[in-house]
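Just below is one structure, and these are the notes that go with it.
The values are calculated or read from the model by the stated rules, or taken from the named source; none is laboratory data. Computed from a predicted model, the values in this text were never measured in an experiment. With ideal geometry, Cβ positions are generated from the backbone for all residues, glycine too; neighbour counts draw on all protein chains shown.
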Amino acid sequence: MSIKILSDDLINKIAAGEVLERPSSAVKELVENSIDANANEINIYIRDGGKTEIVVSDNGDGIKSNELELAIKRHATSKLSFENFNNISSLGFRGEALPSIASVSEMLIKTNTKKDEDGISIEVSSGIKECVKPVNQKKGTHITIRNLFFSTPARLKFLKSENYESLVTKKIIQKLAMCNYRISFNLFINSKIILSTKKIGKENSFNLLKNRVSEILGNEFLENSLYFDEKDEQFRFYGFLGVPTFHYSNTNNQFIFVNDRVIQDKSLNVLFKLAYRDFISYDRFPQFICFIECPYHEVDVNVHPSKNEVRFKDNKYLRSRIISLVKNNLKKINHFASTINTTRAINKFSKSQSQNYLELKDIPEENSLNIESINEKHESEQINQNQSFSLGYAKSQVHNTYIISQTNDGIVVVDQHAAHERIVYERMKKEIYNKKIKTQILLIPVVIDLDKSTLNVFRDSLDRAKDYGLVIEPFGADSVVVREIPVILSDGNVKSLAMDIINEMIEHNDSMSVEEKINKICSKMACHGSIRAGREMQIAEMNDLLRKMETTPFSGQCNHGRPTYVELKLNDIEKLFGRK
Ligand code: ADP
Ligand code: MG
C-alpha cells in the first residue's frame, strides 16, 4: 500500500474515536460549548440513552452566520490563539468536537447571535454538509444530534444498555451543573425531567452554590458537610467536605473542579481518600465538593482530548496542600456524627419512611465544654441539670453495651465500646505525637515467652516500643519482660497487649509512612484499652465518657468509620407515636 494523507472525513472519524467514547461525551462537549458561549440557561434532552437523539440548547452568544460552516471544520475554533495558548480560560480550545460529532451522526445546528433577527441553520450527515438556510431561532444555539455512531458500527456495538448510557449522561450533567452553579440547567431523559435547577437570580455566589448542592445532592449533604474556603498565594480552595460518617460506597459524590472545569482525575481523588483515611474504612469513600482556582498558567489543560485531566506545575505542593487542608478542616468536626444514622434509625421505626425530619445539630466548639465544672462523682440526679451538653446526661445502660442519655430535646444512644475506642485512640495519638506518653510501672513485671525467630526480629524494635509507652526488655534466651505500659491502658491485659504490639511492629512493612505506623499501633492499643461491650458501667462513668466524647475530635465515629452514637429528637419520637 502506498502512503497517502488521510481524507478529512477519516481524520474526523479517528478524532471522534478519541473525543467521543459514548453519547455522554457528545453531551459534555456540547454543554461545554454552551458554557463557553456565556449561556446562563442550558437545556439538554436525550432519547434512548443518547443513541438516537441528543439536543442541547442554550441562550448564549450564538455563532455568526458567516462562521457557521467553519465551526464544523476540523481545528476551527474561536477560542485559541498564540497569545492565550499558555493561559487557556475556555473549556474548549481544540476545535474538534463539532466536526468529530458531525462525522459520526446526523447533526442540525440552529443558531442566532442577535435578539430580533432570524437565525441560521446547517445540516450535516456523516460529515457531509447538506444545507444551510435561515431558520426561526432565538438568540443562542440549538444543536440536535441524531443516530450517533450510526456510521461507526463498531462503536455502536460497544455501547451499553439505554439505562446505563442515560445514567452516565445524568452524572456528567450533575458534575457540570455543580461546577457551573451560576448557570441554570435542565436535563430531560425520554421527555421526563431528571434534573432541574432554579433560574438564576441575584443571590450571592455562596447562596447559589448552596442551592445547587441541595438541588443535586439534597439537603442531607449540606447537613452533613462543612464549608471551607481557603486562599494562598496562587490557589483558592473552597467547597464542602462531608463528615466522615457520611461516607459512600463509591466515588460518585466526589466533585473536583479546577478553574471551573470538571476534572476526573483518580490521582486527585486518592488525595482526599488519604486525608480521610484515619476515619473511614478502606472500602468506603468520603463525599465532597472541591473547587480549585489558580492562575491559568499554573495548570496545563491540554493533557487529553477529552480534557478531563489536568497537570499542575507544582504538583507536589498541591498534593500536600490538599491533604493538610482536608485534615485541618475535619478537625473542626469534633464528635459530630452524620445525621444519616439517625435518619436510618427513624426509618426503621417509623411507619412513614419518606421524610428526613432532622435538623442540623449544633457543633460545639473545640474544648468549649468545661468538664471540670461538673462533679461527676455524684449520681446523675445531683448533677446540675441546667447545664446543657450536646450528648446529654446518661440515664441508664442497656444490655451492658449501650448508654442511653437524655439531651435537652431528645435522646442519644451511644455504643460504649466504639465511643471509648475512639477516645483512647485519639488520646494515644496525641500523646505519641507530642512525645508525652504517660506510662505506669508495673508492680509485677510480665514475662512473655517468644520463639527465637520472633525474638530476634523484635530485639531491634525494643527501643521503638518505648515511643509507644511500652518498656520491654530481653529476658533470658527466649523471653521478654514488660516493665511499663501506657497509663491509659492500665486496665487491659498486659500480655495480650504486648503480644499484639510486638506482632504489629514486626509486620510493619517499610512502605508504610511513619504516620501510618503510629496510627496502626494506636488503633491496636485503643482496642485493648477500651471499655468492652458487655461491661456494666456506673452512671458517673457513663457521663464521664459522654463528656470526653464531646471534647475529642472525631469521636462521632469509631476507627472504622462506624457511628459511635445515634440521636433521636423528641420531635421525631413524638412523630413515631403519632403525637404530632
Ligand atoms: P472548540 O470548543 O474547541 O472551539 P468545537 O468544535 O466544540 O471546538 O466548536 C467550534 C466552534 O464553534 C467554537 O470555537 C465556537 O466558536 C463555536 N460554537 C460551538 N458551539 C457553540 C455554542 N453553543 N454557542 C456559540 N458558539 C458555539
Ligand atoms: Mg468545544
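Identify, please: which residue in region 70-92 is among the polar types (S, T, N, Q) and more than 8 Å from ligand 1 (Cβ to nearest atom) and is, among those, modelled with the highest pLDDT? Break it down into steps so the answer makes sense when it comes.
First pass over region 70-92, keeping only residues among the polar types (S, T, N, Q): 77-78, 81, 84, 86-87, 89-90.
Checking the rest, the ones that are also more than 8 Å from ligand 1 (Cβ to nearest atom) come to 81, 84, 86-87, 89.
Details: 81: 83, 84: 81, 86: 82, 87: 84, 89: 88.
Only one residue fits best here, namely 89.
What number of residues in region 58-67 are surrounded by 23 or more Cβ atoms within 10 Å (Cβ to Cβ) and either at positive phi or assigned to a helix (DSSP H, G or I) (or both)?
Here is the first cut: in region 58-67, the ones surrounded by 23 or more Cβ atoms within 10 Å (Cβ to Cβ) are 58, 62-63.
Add one more test, that the residue is either at positive phi or assigned to a helix (DSSP H, G or I) (or both), and what stays is 62.
Residues meeting the conditions: 1.
Just one of 266, 307, 231 is charged (D, E, K, R) and surrounded by 17 or more Cβ atoms within 10 Å (Cβ to Cβ); which is it? Let's see the steps before the verdict.
Numbers: 266 fails: surrounded by 17 or more Cβ atoms within 10 Å (Cβ to Cβ); 231 fails: surrounded by 17 or more Cβ atoms within 10 Å (Cβ to Cβ).
Going through 266, 307, 231 in turn, just one is charged (D, E, K, R) and surrounded by 17 or more Cβ atoms within 10 Å (Cβ to Cβ): 307.
Give me the residue from region 46-57 that is part of a strand (DSSP E or B) and away from ligand 1 (no atom under 15 Å from the Cβ) and, out of that set, surrounded by the most Cβ atoms within 10 Å (Cβ to Cβ).
As a first pass, look at region 46-57 and keep what is part of a strand (DSSP E or B): 46-47, 53-57.
Among the residues that remain, those that are also away from ligand 1 (no atom under 15 Å from the Cβ) are: 46-47, 53.
Details: 46: 28, 47: 18, 53: 18.
Once the filter is applied, the top-ranked residue is 46.
Of these, 432, 403, which one is touching a Phe, Trp or Tyr at 6+ places or on another chain (Cβ under 9 Å), surrounded by 19 or more Cβ atoms within 10 Å (Cβ to Cβ), closer than 26 Å to residue 554 by Cβ and modelled with pLDDT under 90?
After ruling out the rest, the residue left standing is 432.
With respect to residue 152, determine if the residue is over 21 Å from residue 255 (Cβ atoms) and within 16 Å of ligand 2 (Cβ to nearest atom). Give the derivation first.
Details: over 21 Å from residue 255 (Cβ atoms): yes; within 16 Å of ligand 2 (Cβ to nearest atom): no.
In short, no.
Taking only region 240-263 into account, find how many residues are buried (at least 21 other Cβ atoms within 10 Å of the Cβ) and among the small types (Gly, Ala, Ser).
So the count comes out to 1.
Residues that are buried (at least 24 other Cβ atoms within 10 Å of the Cβ), over 20 Å from residue 142 (Cα atoms), touching a helix residue (DSSP H, G or I) at 6+ places or on another chain (Cβ under 6 Å) and not basic (Lys, Arg): does region 15-23 have at least one? I'd like the intermediate steps shown before the answer.
Quick first cut of region 15-23, residues buried (at least 24 other Cβ atoms within 10 Å of the Cβ) only: 16, 20, 23.
Checking which are over 20 Å from residue 142 (Cα atoms) leaves us with 16.
Filter once more, so that each one left must be touching a helix residue (DSSP H, G or I) at 6+ places or on another chain (Cβ under 6 Å): 16.
Cutting the leftovers down to not basic (Lys, Arg) gives us 16.
Yes.
Which pairs do you get when a residue that is under 28 Å from residue 146 (Cα atoms), found in region 184-203, comes within reach of a residue that is at pLDDT below 90, reach meaning Cβ atoms under 6 angstrom, with the pair 6+ apart or on two chains?
Going by the 6 Å Cβ cut-off, the qualifying pairs are 184/199; 184/200.
Output the residues belonging to region 144-160 that are β-branched (Val, Ile, Thr) and within 16 Å of ligand 1 (Cβ to nearest atom).
At the first step, the residues of region 144-160 found to be β-branched (Val, Ile, Thr) are 144-145, 152.
The answer is 144, 145.
Looking at region 93-107, can you tell me whether even one residue there is without any contact (Cβ under 8 Å) to a residue 40 or more places away in the chain, in a strand (DSSP E or B), within 13 Å of ligand 1 (Cβ to nearest atom) and among the aliphatic types (A, V, I, L, M)?
Yes, there is a match, as at least one residue in region 93-107 is without any contact (Cβ under 8 Å) to a residue 40 or more places away in the chain, in a strand (DSSP E or B), within 13 Å of ligand 1 (Cβ to nearest atom) and among the aliphatic types (A, V, I, L, M).
Residue under question is residue 541, and the condition is that it be without any contact (Cβ under 8 Å) to a residue 12 or more places away in the chain, over 27 Å from the mean Cα position of the chain (by Cα) and in a helix (DSSP H, G or I); does it hold?
Numbers: without any contact (Cβ under 8 Å) to a residue 12 or more places away in the chain: yes; over 27 Å from the mean Cα position of the chain (by Cα): yes; in a helix (DSSP H, G or I): yes.
Answer is yes for this residue.
Looking at 44, 63, which one is closer than 21 Å to residue 160 by Cα, among the hydrophobic types (A, V, I, L, M, F, W, C) and within 16 Å of ligand 2 (Cβ to nearest atom)?
Working: 63 fails: closer than 21 Å to residue 160 by Cα.
Testing whether each residue is closer than 21 Å to residue 160 by Cα, among the hydrophobic types (A, V, I, L, M, F, W, C) and within 16 Å of ligand 2 (Cβ to nearest atom) leaves just 44.
If residue 49 passes every condition in (1) within 15 Å of ligand 2 (Cβ to nearest atom); (2) within 35 Å of the chain's Cα centre (by Cα); (3) over 30 Å from residue 312 (Cβ atoms) but one, which one does it miss?
That leaves (1) as the condition not met.
What residue, of 279, 312, 285, is crowded, with 17+ Cβ neighbours inside 10 Å and touching a Pro at 6+ places or on another chain (Cβ under 7 Å)? Give the derivation first.
Working: 312 fails: touching a Pro at 6+ places or on another chain (Cβ under 7 Å); 285 fails: touching a Pro at 6+ places or on another chain (Cβ under 7 Å).
That would be 279, the only listed residue that is crowded, with 17+ Cβ neighbours inside 10 Å and touching a Pro at 6+ places or on another chain (Cβ under 7 Å).
Quick one: in region 122-143, which of the residues that are buried (at least 19 other Cβ atoms within 10 Å of the Cβ) and assigned to a strand (DSSP E or B) is nearest to ligand 1 (Cβ to nearest atom)?
If we filter region 122-143 for residues that are buried (at least 19 other Cβ atoms within 10 Å of the Cβ), which is where we start, we get 122, 124, 127, 137, 140-143.
Restricting the remaining residues to those that are assigned to a strand (DSSP E or B) gives 122, 124, 140-143.
Values: 122: 11, 124: 12, 140: 7, 141: 4, 142: 9, 143: 7 Å.
If we take residues in region 122-143 being buried (at least 19 other Cβ atoms within 10 Å of the Cβ) and assigned to a strand (DSSP E or B), then 141 is nearest to ligand 1 (Cβ to nearest atom).
Given the condition in a helix (DSSP H, G or I), modelled with pLDDT of 90 or more and either over 19 Å from residue 565 (Cβ atoms) or over 26 Å from the mean Cα position of the chain (by Cα) (or both), answer yes or no: does some residue in region 364-376 qualify?
Taking region 364-376 and keeping what is in a helix (DSSP H, G or I), we get 371-373.
Okay, now just the ones that are also modelled with pLDDT of 90 or more, so none.
Checked against the condition, which is being in a helix (DSSP H, G or I), modelled with pLDDT of 90 or more and either over 19 Å from residue 565 (Cβ atoms) or over 26 Å from the mean Cα position of the chain (by Cα) (or both), region 364-376 yields no hits at all.
Output the number of residues of region 66-92 satisfying the condition of being in contact (Cβ under 8 Å) with a residue 40 or more places away in the chain, more than 16 Å from ligand 2 (Cβ to nearest atom) and farther than 23 Å from residue 134 by Cα.
Residues flagged as in contact (Cβ under 8 Å) with a residue 40 or more places away in the chain, more than 16 Å from ligand 2 (Cβ to nearest atom) and farther than 23 Å from residue 134 by Cα within region 66-92 amount to 2.
Conditions first: (1) more than 17 Å from residue 27 (Cα to Cα); (2) in a helix (DSSP H, G or I); (3) not small (Gly, Ala, Ser). Residue 155 passes all but one, so which condition is the exception?
(1) is the only condition that residue 155 fails.
I need a count of the residues in region 1-45 that are modelled with pLDDT of 95 or more, charged (D, E, K, R) and outside any helix (DSSP H, G or I).
Selection size over region 1-45: 1.
Against the condition within 30 Å of the chain's Cα centre (by Cα) and near ligand 1 (Cβ under 10 Å from one of its atoms), how does residue 33 come out, does it pass? Spell out the reasoning first.
Values: within 30 Å of the chain's Cα centre (by Cα): yes; near ligand 1 (Cβ under 10 Å from one of its atoms): yes.
Against the criterion (within 30 Å of the chain's Cα centre (by Cα) and near ligand 1 (Cβ under 10 Å from one of its atoms)), residue 33 qualifies.
Evaluate the following for residue 237: is it touching a residue at least 60 places away in the same chain (Cβ under 8 Å), over 12 Å from the mean Cα position of the chain (by Cα) and buried (at least 21 other Cβ atoms within 10 Å of the Cβ)? It would help to see each step written out before you state the result.
Values: touching a residue at least 60 places away in the same chain (Cβ under 8 Å): yes; over 12 Å from the mean Cα position of the chain (by Cα): yes; buried (at least 21 other Cβ atoms within 10 Å of the Cβ): no.
Judged against the criteria, residue 237 is not a match.
Please work out which one of (1) part of a loop (DSSP other than H, G, I, E, B); (2) charged (D, E, K, R); (3) within 30 Å of the chain's Cα centre (by Cα) is the condition residue 548 fails and give its number.
(1)
Is it the case that region 105-117 has a residue that's within 15 Å of ligand 2 (Cβ to nearest atom), more than 21 Å from residue 175 (Cβ to Cβ) and aliphatic (A, V, I, L, M)? So that I can check it myself, show each step before the final result.
So in region 105-117, the residues within 15 Å of ligand 2 (Cβ to nearest atom) come out as 107, 109, 111.
Checking the rest, the ones that are also more than 21 Å from residue 175 (Cβ to Cβ) come to 107, 109, 111.
Next, from what is left, pick out any that are aliphatic (A, V, I, L, M): 107, 109.
Checked region 105-117: at least one residue is within 15 Å of ligand 2 (Cβ to nearest atom), more than 21 Å from residue 175 (Cβ to Cβ) and aliphatic (A, V, I, L, M).
Provide a single number: the residues in region 108-121 that are aliphatic (A, V, I, L, M) and within 11 Å of ligand 1 (Cβ to nearest atom). Walk me through how you get there before you give the answer.
Filtering region 108-121 for residues aliphatic (A, V, I, L, M) gives 108-109, 120.
Going one step further and asking which of them are within 11 Å of ligand 1 (Cβ to nearest atom), we end up with 109.
Selection size over region 108-121: 1.
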